[in-house]
Amino acid sequence: MTLAILALGAVPFASAAQAGPTAPLGHSGRWITDAKGRVAILHGVNMVTKVPPYAPSAQGFGDDDAAFLRRNGFNTVRLGVIYKGVEPSPGSYDDGYLDQIAATEANLARHGVFSQLDFHQDMYNERYQGEGWPDWAVQDDGLPNMPQFGFPNNYFLMPALIRAFDHFWANDPGPGGIGLQDRYAAAWAHVASRFAGARHTLGFDLLNEPWPGSPWSTCLTLNGCPDFDTAVMGAFYRRVFARIRAVESQKLIWYEPNVLFNFSADTNIPSLGDRAAGFSFHFYCTPGLAAPPYNLASCDEQDDHVMSNADKRAQSTGDALMLSEFGATDDLATIRSNVSLADRHMVSWQYWHYCECLDPTTTGSGTQAIVIDPNQPPSGANVKQSKLDVLAEPYPQVVAGTPTSYRFDEATRRFTLAYSTKGPTGKNFARRPKHKRKRSKPKLRQTQIFLGQDRYRDGYKVSVNGGGIASKRKASLLKVIACPGRRNVSVTVVPGGGRNHADCRVTGRSKKHRR
């Protein structure tokens with residue numbers, strides 16, 4: 001869960017092998033791509049266990065939850081890994097703990113859900129009313145862990161917590177004279193090696209919401225804090241990237257800006273120069289930050305500014321994008337606004353949080369969950385259905401080309417998608433066969449749109465310009481294939497019956513047909 005900053009001033013899907021992005025995932029520029037070169041759009045949730053034994057399965061997260069996610073169109077989970085659980089004593093790794101994480105990852109993979117492994121922290125360690133680093137990595141020069149105002153206020157008001165981050169960013173020597181960052185990077189290398197063969201692992205999120213420590217106040221401008229980002233965070237990320245790449249060369253590595261980015265401060269982290277790098281970012285809005293020092297008029301304006309900063313980052317570095325946290329609320333208007341904004345920017349997302357699980361950094365308001373208690377079946381009163389209805393929206397899970405826009409209007413239940421048949425890597429998904437008898441494999445050219453049957457209980461009508469329909473009537477996953485030679489495809493779905501329209505048959509013949 002992010003810091004809510006202190007105010008300053010029902011029908012099962014087809015099997016995973018037949019639907020959704022094809023593993024393993026990579027990227028081309030800002031776009032996450034699947035093994036067939038199609039753009040993959042991911043919608044999902046966070047599942048982070050912040051109390052011992054730090055494993056989601058210990059809080060009841062299991063197969064029924066993975067099936068629930070898949071059934072509702074979610075295809076990714078940001079899966080929390082707590083550093084204290086990985087390396088409980090210096091240089092000694094708890095592989096039993098990693099086995100528990102791996103079992104959850106494998107369970108999600110069986111349902112076609114991709115896991116982003118996240119070294120999660122909030123306020124460094126339990127000593128500061130948070131979680132993250134092991135006790136042996138706490139260096140605060142003996143300062144008392146006072147005053148205690150809880151999450152997130154301790155970030156600003158507890159000198160010992162600030163000092164602990166300062167020592168980490170300085171890579172000061174810890175046990176055995178080894179730098180704190182060096183230990184951290186080695187732990188990541190151990191985890192990366194453990195998950196190197198996991199095809200449904202989306203990659204590694206290196207550090208949740210990095211707190212700058214003492215320089216935090218210098219980051220409270222729209223330009224952010226170039227000195228800290230460039231000299232300190234840049235060096236840290238290069239150190240961890242290098243250790244991971246020594247043992248694993250393919251998976252996406254996700255890095256996060258300092259946490260003030262969430263509230264409109266720009267990032268100045270230098271380009272990390274890795275061909276499989278991704279930028280993982282969050283946005284949350286509080287009334288205190290819809291005003292000076294950021295001088296933004298509203299939460300909508302603030303969130304859009306954050307999203308635009310992320311777009312700018314991807315354009316300048318060529319890194320992939322993931323909105324890996326937002327929400328943590330029961331306010332449906334806020335969630336609708338957040339999801340709509342992500343759709344306009346065509347960015348994959350992971351809502352915070354799946355469950356109302358034990359969490360030392362929550363306020364006890366009980367507003368973050370979709371499923372209240374994962375120890376119980378995800379059904380009935382255990383599901384916040386109105387929130388699920390907003391989040392489980394129709395969206396394109398894979399696009400055989402490059403999306404140019406997609407949108408779902410909740411009031412009218414009208415979904416639209418437009419895309420180019422040329423993928424971000426330059427691959428043409430509507431190429432005409434050179435020989436009359438030669439046909440490209442249809443599944444390689446499928447665009448797949450999650451609709452869900454709860455949303456269209458009375459059926460739906462589809463219109464496809466530039467493509468044909470490859471799925472059965474009323475299917476919860478709409479499949480579209482571009483007509484040969486077409487450069488652009490547009491899809492419109494509206495509720496109700498009637499005859500579908502498509503410009504060609506999926507065999508590639510150019511006749512118009514109606515279903």
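For the reader, a short list of remarks on this structure follows.
- Any hit, region 363-380, residues being of a type in the set (S, T, N, Q) and buried (at least 19 other Cβ atoms within 10 Å of the Cβ): yes
- Condition met for Thr230 (touching an Asp or Glu at 6+ places or on another chain (Cβ under 7 Å) and hydroxyl-bearing (Ser, Thr, Tyr)): no
- Members of region 118-159 that are charged (D, E, K, R), surrounded by 22 or more Cβ atoms within 10 Å (Cβ to Cβ) and either under 17 Å from Pro360 (Cα atoms) or not assigned by TED's automatic domain parsing to the domain that holds Leu323 (or both): Asp122, Glu131
- Whichever residue in region 87-117 is of a type in the set (S, T, N, Q) and out of contact with any helix residue (DSSP H, G or I) (no Cβ under 8 Å at 6 or more places or on another chain) and, among such residues, is farthest from Ala196 (Cα to Cα): Ser92
- Count - residues of region 359-405 that are under 18 Å from the mean Cα position of the chain (by Cα), part of a loop (DSSP other than H, G, I, E, B) and under 21 Å from Gly20 (Cβ atoms): 4
- From Leu222, Leu180, Leu207, residue being modelled with pLDDT under 95 and either in contact with a Pro (Cβ under 9 Å, 6 or more places away or on another chain) or under 19 Å from Ile269 (Cα atoms) (or both): Leu222
- Here Pro377 meets each of (1) touching a Ser or Thr at 6+ places or on another chain (Cβ under 8 Å); (2) at pLDDT 95 or above with one exception, condition (1).
- Scanning region 61-97 for residues that are on the phi > 0 side of the Ramachandran plot and surrounded by 16 or more Cβ atoms within 10 Å (Cβ to Cβ) turns up just one, Gly73.
- When Ser324, Ser316, Ser340, Ser308 are checked against the criterion of being at pLDDT 95 or above, surrounded by fewer than 18 Cβ atoms within 10 Å (Cβ to Cβ) and in contact with a Ser or Thr (Cβ under 9 Å, 6 or more places away or on another chain), a single residue qualifies: Ser316.
The values are calculated or read from the model by the stated rules, or taken from the named source; none is laboratory data. Note that the structure is predicted; figures quoted are calculated from it, not measured. Heads up, the Cβs are rebuilt from the backbone with ideal geometry, glycines too, and the neighbour counts pull from every protein chain shown.
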